[in-house]
Each structure stands twice: as structure tokens, then as C-alpha cells.
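Handing you a structure now.
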Amino acid sequence: MTGTIVLLILIAIPLAVGIYVWMTYNRLVSLRNRIDEAWSDIQVQMKRRYDLVPNLVETVKGYATQERDVFEAVVKARSAAIANQGSATEQAKSENMLSSALKSLFAVAEAYPELKSNENFLQMQRDLAEIEDHIQRSRRFYNGSAREMNDAIQQFPSNLVANASKFTVATYFELDADEAAAARKPVAVDFKR
């Protein structure tokens, strides 16, 4: 009788460990796929913004031709953001530069009442606000997914499976300390050119 119990225990322990490893591995794969999906959502929304920016710049240019530096900054920031295919942190830097440039563009638009009443401009402004909302939601989803993955990779005992399977910690889509301080400053617009 005791031999049977010992045999069952010797079979049950490796079986339980195997089931745990299998379930943990599958959970880590699901989390990695969720991060990839979240990153893809961010990229789709950024592409929508990139496609809208040239039309927005051209519309504002028609009213505010003397604001060339602002237009060039927006175009340059857009090009840098499109070209950046790095990590989430690197991409966040490019995206934040574009957001700052767009804030400057809208600050310029405030000085032109005819532009502010242009239906095309107003629609693009609404579209951009909607896109920015989608980007923020996508970033939050991505960062939440990254946090879940990082927790699973770093917590015991799932870290044993993660390390053995070479899962890596996900980077967050966030501002660094200098950029966060700069983002809180108001946009400076100089109309004395």
C-alpha cells in the first residue's frame, strides 16, 4: 500500500511541475502576443496621425505663411517619427517631439480667426484630437501589457520558466525625466518675426 502511494507521489510531482511549466510558458507567450498587438495598435494610430499632419500643415500654411519655422519643425518631427523604428522608448521620444511641434502649430493657428473658422481645419483638428485619444488609450494598453509581462517574468516561480525560455522584460512607452519636465512647460510662440 505504501509503495503505491510513494509511486503515485513520484508520478504526481513531476506531472504537476510539467503542467505548471506548460501553463506558465503559454501564459508568457500570450502576454508577449498581447504586447505585440498593443504595439501594433500604437503604430496604426501613429500612421493615421502621420497621414493627417501634411494636410494640417498645408491648411495652416494657407493662412499663416510667415510661420515657416513652425511648419518646418512639424515636418521635421513627423519625418523623424516615421523613420524611427527603434524600441518603445526611442519611439516615444520621436512621438513626443511631434506632439510638441503640433502644439506649436495649433498655437500659431490661434492667431488666425479665419483659419479657426475654416471647416476643413476644424475637421482635421477634431480628427487629430480623436487620433491622439486613440494613441493615449493604445499607450496605456501597451504599458499595462508590458507591466503584466514584466511581473510574470520577474516573479517567482514563473521567472524560472521565463528565464529558461529566454523571455525578456518589455520596455514601457514613456517619457524620460527631461522630456516629462519639458512636456509640462507651456508652448512658447513668438509672433514678432
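Provide the gained length on full extension for the span E148 to T65, in nm with one decimal, where the gain is 0.36 nm per separating residue minus the Cα-Cα distance.
So the extension gain works out to 25.0 nm.
A further question follows. At 0.36 nm per residue, minus the direct Cα-Cα distance, what do L10 and R48 gain on full extension? Give it in nm, one decimal, please.
Extra length from L10 to R48 when fully extended: 7.9 nm.
Can I ask one more? Roughly how compact is the chain, stated as its Cα Rg over 2.2 N^0.38 Å to two decimals?
Compactness ratio reported: 1.53.
Next up: Given a Förster distance of 22 angstrom, what is the FRET efficiency for V29 paired with N159, based on the Cβ-Cβ distance and rounded to 0.05?
Approximately 0.90, to the nearest 0.05.
Note down the nm distance, to one decimal, between modelled labels 7 Å out along Cα→Cβ at T2 and at K76.
If labels sit at T2 and K76, their model points lie 8.3 nm apart.
Something else: Mind checking segment 69-167 for GluC sites (Glu not before Pro) that DSSP puts in a loop (not H, G, I, E or B) and that have at most 16 other Cβ atoms within 10 Å?
Those that pass, being in a loop and sparsely packed, are E110.
None of the figures in this text is laboratory data; all of them are computed from the coordinates on show. Values in this document were obtained by computation on a predicted structure and should not be read as measured data. Don't worry about glycine lacking a Cβ; one is built from the backbone with ideal geometry, like all the others, and counts go over all protein chains shown.
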